[in-house]
Amino acid sequence: RDITELNELERKLEHVEGLREREMEAVIESMFDGLYVTDGQANTLRLNKGFERIMGITHQQCVGRNMADLVKDGVFSRSGTL
């Protein structure tokens, strides 16, 4: 019985975590402001639709690419990036 209760609690926790992730994703994507996220090595992790609209670029152009490469390819200007 204790194992069954523990499994049920774990399932509920996973459900709540999934809801939080979806809520956060909805907030980020519905923001009017642009959001651009990189890791410590300037690799692009994500950007939102606001950023795409403001900058005139797409998610596919940036995510997974390093900022230095994006500057070199003319996607971003050096003065506003590095």
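In this structure, G18 does not qualify as under 12 Å from the mean Cα position of the chain (by Cα) and not charged (D, E, K, R). Restricting attention to segment 42-65, the residues being in a loop (DSSP other than H, G, I, E, B) and either within 12 Å of the chain's Cα centre (by Cα) or modelled with pLDDT under 95 (or both) number 7. Residues of segment 66-82 that are at pLDDT below 90, more than 18 Å from G34 (Cα to Cα) and surrounded by 14 or more Cβ atoms within 10 Å (Cβ to Cβ): none at all.
The values are calculated or read from the model by the stated rules, or taken from the named source; none is laboratory data. Treat the numbers as computed from the prediction; the structure is a model and nothing was measured. Using ideal geometry, Cβ is built from the backbone for each residue, glycine included, and neighbour counts are taken over all protein chains shown.
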